[in-house]
1. Could you tell me whether the range 97-187 comes out rounded, prolate or oblate from its Cα gyration tensor? Rule is a ≥ b ≥ c as square roots of the eigenvalues, rounded for a/c under 1.5, then prolate if a/b exceeds b/c, otherwise oblate.
2. Report the chymotrypsin sites (Phe, Trp or Tyr not before Pro) located in the range 254-310 that are in a DSSP loop and have at most 12 other Cβ atoms inside 10 Å of their Cβ, or state none.
3. Which residues in the range 166-200 place their backbone N less than 17 Å from a point set 7 Å from the Cα of residue 220 along the Cα-to-Cβ direction?
4. Go through the range 249-254 residue by residue and turn each phi into a ³J(HN,Hα) via Karplus (6.51, -1.76, 1.60, θ = phi - 60°); whole Hz please, and just put x for glycine and proline.
5. Any idea of residue 348's accessible area? Nearest 10 Å², probe 1.4 Å.
6. With equal scatterers on the alpha carbons only and no solvent term, can you work out the Debye log10 of I(q)/I(0) for the range 276-336 at 0.16 1/Å?
7. Can you give me the relative contact order of the range 141-228 as a percent, contacts being Cα pairs under 8 Å and 6 or more apart?
8. Run the numbers for residue 112 and residue 282: contour at 0.36 nm per residue of separation, minus the present Cα-Cα distance, in nm.
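The values are calculated or read from the model by the stated rules, or taken from the named source; none is laboratory data. Bear in mind that the values here come from a model prediction, so they are computed numbers and not experimental data. FYI the Cβ positions are ideal-geometry reconstructions off the backbone, even for glycines, and counts take in every protein chain you see. Each accessible area value is taken on the protein alone, full model and side chains, heavy atoms only, with ligands, DNA and RNA left out. Shrake-Rupley method; radii C 1.70, N 1.55, O 1.52, S 1.80 Å.
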Amino acid sequence: MNISAASTAAYSTDRSTWRALSLGLLLLLSIWSGMTNAASAKSRKAHEFVAAPQEVAVGFYPNMFHSLNQQNSTFYADLYLWMRWKGENDPTATAEFVNNVEKWGFTATRIYEKPLRLKDGQSLQQLHVQGQFFQPLSLHDYPLDKHELSIVIEDSTFPVDARVYKEDAGQSHLDSGIVLPGWKITDWKISAGPHVYATDFGAASNEKRSAYSTIRFTLAVERPLNFFIWKLLLPLAIVLLLGCSALFVHPSYSDARLAAPAAALLSLVFLQQTYSSTLPEVGYLVLLDKIYALAYAVVLLLMVSTIVTSSTVRTDDASKIARAVVVDRIVVAAILLVFSVGTLWLIVNRAA
């Protein structure tokens, strides 16, 4: 009876021990599972952060464009710019105006001392920007040229996998009173995209080259047609008519006939120098240069015609004089037709 009681007590003790061990093992398994799940959740959050860069909505409201300088390819702009984002990192701190020149005269004044917190949890900061910007101008079609004046912003620190610019759709506009003196504003647009650099800037890394997000505000302008017709083409046409008037002078007055084309040639030279002084030194002919080259050819033909006529009409032979007068009329008509058709062809087929 005592042996049986001892056995029972030992059995109960062993059962309690195994039960305690089982509960401890279950507790350890539960703790390990919780730690694993937490690490997995943290890993998923880190992956989601990498996979989802901070999106920054950017808007533009230009107040003024002025002082477009075609010699330096620069212009001045006054505009309001704003950025809206989620998160703690302020994108305005690393926003760089890529094509800004004259840094000493550039200002980007913050409207709010600290970013404004919106109801939807986003942050907003507004900037009043004033400065001079560089825009390479193609003058192939001068004086019928069209240009796109751009203001380019790029994040200087965070690549596209960490921060992306996008247009604040429906918010950007031009001020109703904006005027660019001497130019006609035809359109505007906003475009965003990455800027990939072909260097690692000395990091000697084999990693893929970084791309940084950029956004561009572009104003499309063109020179008014009236500028070409009344200020450039009309004086040229008057000079050519002056040269052609020599062929309406009687063939016997050779001195007067030769003087008119020579005066026209000098006038063309002065007129070309006048408009060329407003253009930069370029390595190609602009549209107006080609038209003037055609005008020079016309004046040279006038001079040749007057010389030939004066050399053939040395007597008072009425038949020769009458024939020379007819030839002069034909030459004038042909020259004016060739110049008009040639000028129209150059204008229609101009290429930038």
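1. prolate
2. 284
3. Inside the label zone: 173-174, 180, 183-192.
4. 7, 4, x, 6, 8, 5
5. So the heavy atoms of residue 348 present about 100 Å² to solvent.
6. After summing over all Cα pairs, the log10 values are -0.63.
7. 51 percent
8. Additional length available on full extension: 56.7 nm.
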